[in-house]
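Colleague: Take this structure first; my questions come after.
The values are calculated or read from the model by the stated rules, or taken from the named source; none is laboratory data. Model, not experiment: these values are computed from the prediction. FYI the Cβ positions are ideal-geometry reconstructions off the backbone, even for glycines, and counts take in every protein chain you see.
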Amino acid sequence: MKATAVLNQFLKRLILNAVSLIVLLFLSVNGFSQPGQANDELVLPKGFTSIVVANNLGQGRHIAINDNGDMYVILYRLKDKKGIVALRDTDNDGKADVIRYFGRYAGTGIGIQDGYLYVGADADTMVVRYKLRQGELLPDTTCEVVVSGFLKNRQHGMKSITFDNENNLYVNVGAPANACQDPDRTLHTPGMAPCPLLQSFAGIWRFKADKLGQVQMKDGYRYATGLRNCVALRWNPIANHLYAVQHGRDQLHEFWPEYFTEDDGVTKPAEEFFLLTDGSDCGWPYCYFDPFLNKKMVAPEYGGDGKTVDKTGKQLPIMAFPAHYAPNDLLFYTGKQFPEYYHKGAFIAFHGSWNRAPQEQKGYNIVFVPFRGELPSGGWEVFADNFAGVPVIKSPRDAMSRPCGLAIGPDGSMYVVEDTKGKLWKISYH
């Protein structure tokens with residue numbers, strides 16, 4: 001009996017070693033780094049490495065990088081009564097050795113334009129700017145109000161921002177609702193028709209970047225509408241167009257169980273990738289995009305049953321991503337360091353969501369979409385993974401990190417900031 005037990009234990013060890021070897025071979029053949037190794041837990045394509053620039057910055061949202069390499073991260077909530085983190089790497093080892101906090105406002109959007117640092121600020125009700133000072137890490141901390149008048153919004157209030165080639169400022173104004181119901185998020189409640197929220201929410205507004213004292217509804221121009229919330233917003237300087245990735249609506253099954261199964265609620269609707277032009281209408285709240293039928297469908301709040309195709313001609317996405325991945329930033333690669341395959345393509349940071357429950361949550365990664373001209377030239381693929389640090393995510397609370405903001409450094413490296421504790425990575429190709 002003793003000999004049999006020893007033999008069984010030996011066979012178990014042999015099987016475990018074989019499984020481990022197969023996994024390592026799979027990772028090696030497919031060009032992925034191993035979690036917990038030199039790339040600090042991120043799983044990246046072959047040839048890419050990452051380094052942690054800084055940690056525990058606070059809930060980092062978006063990031064902007066100056067021409068000299070100085071980094072600026074806006075926080076979701078104030079830390080030590082400050083809302084922006086400035087970082088500098090003085091010895092070129094990839095790690096920030098100077099970290100300073102400034103600014104009285106937290107927020108999400110941040111960007112650099114013509115010597116100013118712009119941020120979406122003050123409970124997401126305005127956009128302000130700080131004058132950058134030559135050679136100095138910290139800007140003039142007296143801010144100027146560029147745009148105000150955005151209504152306070154308990155849902156989707158984040159003001160992501162971007163700039164075009166003609167000094168225009170674009171601001172995401174998310175919808176304070178799931179599907180324009182009154183009351184919101186309730187069983188079998190029809191949507192308001194027409195939806196009054198579209199007048200001042202659920203779209204992209206355009207302003208002049210160099211004009212102070214603008215007010216949303218007085219001075220702003222509604223460039224695109226029918227967009228529930230586009231935290232991922234970016235002007236593509238190569239194609240010279242505005243692009244956005246939308247957070248799709250929630251709870252199809254929960255509020256309309258006669259039409260949608262639990263699986264439907266988990267896998268629908270798609271997160272939509274849009275090329276936006278002046279006057280774009282992407283359809284929220286009247287319709288949503290079904291990734292399996294590849295069609296816009298009438299929302300149940302407006303008479304849909306999961307089978308009725310929308311025929312009003314709302315704009316279709318240029319690509320669709322799985323439901324409830326939560327796209328939080330979009331970046332077009334304009335650097336030269338990465339291989340040619342990545343040039344001019346789009347990177348999207350998926351923050352991960354909560355509303356695939358009770359099933360496993362998805363996202364928590366960065367994907368890449370190759371581009372040719374104005375449109376994708378191939379399907380999407382995962383570029384950076386294992387931010388969550390756990391194999392199964394039942395709740396966002398399970399995730400160690402949730403990628404949120406993306407930027408390109410002067411040397412062509414990509415920077416990624418997350419908003420759980422504020423970890424910042426630099427991803428490079430060697």
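Colleague: Mind listing just one residue for me: the one in segment 290-337 that is among the polar types (S, T, N, Q) and within 27 Å of the chain's Cα centre (by Cα) and, of those, farthest from Pro269 (Cα to Cα)? Step through it out loud before you land on a result.
Modeller: First, pick out the residues of segment 290-337 that are among the polar types (S, T, N, Q): 294, 308, 312, 315, 328, 334, 337.
So of that shortlist, the ones also within 27 Å of the chain's Cα centre (by Cα) come out as 294, 315, 328, 334, 337.
Details: Asn294: 10, Gln315: 15, Asn328: 17, Thr334: 31, Gln337: 36 Å.
It comes out as Gln337.
Colleague: Which residue out of Gln59, Gln37, Gln113 is of a type outside the set (A, V, I, L, M, F, W, C) and at pLDDT below 50? Write out each step before concluding.
Modeller: Numbers: Gln59 fails: at pLDDT below 50; Gln113 fails: at pLDDT below 50.
Residue meeting the stated conditions: Gln37.
Colleague: One residue is enough: does segment 80-96 have a residue meeting the conditions part of a strand (DSSP E or B), of a type in the set (D, E, K, R) and within 19 Å of Lys159 (Cα to Cα)?
Modeller: We begin by selecting, within segment 80-96, every residue part of a strand (DSSP E or B); these are 82-88.
With the extra rule that they be of a type in the set (D, E, K, R), the set shrinks to 82, 88.
Filter once more, so that each one left must be within 19 Å of Lys159 (Cα to Cα): 82.
Yes; the residues of segment 80-96 include at least one that is part of a strand (DSSP E or B), of a type in the set (D, E, K, R) and within 19 Å of Lys159 (Cα to Cα).
Colleague: Next question, about the same structure. Which of the following residues is surrounded by 21 or more Cβ atoms within 10 Å (Cβ to Cβ), in contact (Cβ under 8 Å) with a residue 12 or more places away in the chain, farther than 20 Å from Leu227 by Cβ and under 24 Å from the mean Cα position of the chain (by Cα): Val127, Val119? Step through it out loud before you land on a result.
Modeller: Details: Val127 fails: farther than 20 Å from Leu227 by Cβ.
So the residue among Val127, Val119 that is surrounded by 21 or more Cβ atoms within 10 Å (Cβ to Cβ), in contact (Cβ under 8 Å) with a residue 12 or more places away in the chain, farther than 20 Å from Leu227 by Cβ and under 24 Å from the mean Cα position of the chain (by Cα) is Val119.
Colleague: Take segment 119-138 and flag every residue that is assigned to a loop (DSSP other than H, G, I, E, B) and within 16 Å of His156 (Cβ to Cβ).
Modeller: Initially, segment 119-138 is screened for residues assigned to a loop (DSSP other than H, G, I, E, B), giving 122-125, 132-138.
Once the filter is applied, which keeps residues that are assigned to a loop (DSSP other than H, G, I, E, B) and within 16 Å of His156 (Cβ to Cβ), segment 119-138 yields Ala123, Asp124, Thr125.
Colleague: Turning to a different aspect of this structure: Can you list the strands (runs of 3 or more DSSP E) lying wholly within segment 314-430 that have 3 or more residues being over 23 Å from Trp284 (Cβ atoms)? Outline the logic, then answer.
Modeller: Working: elements: 319-321, 327-332, 346-350, 365-369, 381-384, 403-408, 414-418, 424-429.
Once the strands (runs of 3 or more DSSP E) in segment 314-430 are filtered for at least 3 residues that are over 23 Å from Trp284 (Cβ atoms), what remains is 365-369, 381-384, 403-408, 414-418, 424-429.
Colleague: Run Tyr101 past the list (1) among the hydroxyl-bearing types (Ser, Thr, Tyr); (2) farther than 24 Å from Val52 by Cβ; (3) touching an Asp or Glu at 6+ places or on another chain (Cβ under 9 Å); (4) part of a strand (DSSP E or B) and report the number of the one that doesn't hold.
Modeller: (2)
Colleague: Search segment 192-220 for residues being part of a helix (DSSP H, G or I) and of a type in the set (S, T, N, Q), and hand back the single one that is surrounded by the most Cβ atoms within 10 Å (Cβ to Cβ).
Modeller: Of all residues in segment 192-220, those part of a helix (DSSP H, G or I) come to 196-199, 216-219.
Filter once more, so that each one left must be of a type in the set (S, T, N, Q): 199, 216.
Values: Gln199: 12, Gln216: 20.
Among residues in segment 192-220 that are part of a helix (DSSP H, G or I) and of a type in the set (S, T, N, Q), the one surrounded by the most Cβ atoms within 10 Å (Cβ to Cβ) is Gln216.
Colleague: Just one of the numbered conditions (1) without any contact (Cβ under 8 Å) to a residue 60 or more places away in the chain; (2) buried (at least 22 other Cβ atoms within 10 Å of the Cβ); (3) outside any loop (DSSP other than H, G, I, E, B); (4) not charged (D, E, K, R) is not true of Tyr223; which one?
Modeller: (2)
Colleague: Which residue out of Gly405, Gly379 is at pLDDT 95 or above and over 18 Å from the mean Cα position of the chain (by Cα)? Explain how you work it out, then say what you get.
Modeller: Working: Gly405 fails: over 18 Å from the mean Cα position of the chain (by Cα).
Result: Gly379 is the single residue among Gly405, Gly379 that is at pLDDT 95 or above and over 18 Å from the mean Cα position of the chain (by Cα).
Colleague: One residue is enough: does segment 339-360 have a residue meeting the conditions touching a Gly at 6+ places or on another chain (Cβ under 6 Å) and modelled with pLDDT of 95 or more? Show your work before the answer.
Modeller: Step one: list which residues in segment 339-360 are touching a Gly at 6+ places or on another chain (Cβ under 6 Å), which gives 350, 352.
Retained after the next criterion (residues that are modelled with pLDDT of 95 or more): 350.
Yes, the conditions are met somewhere in segment 339-360.
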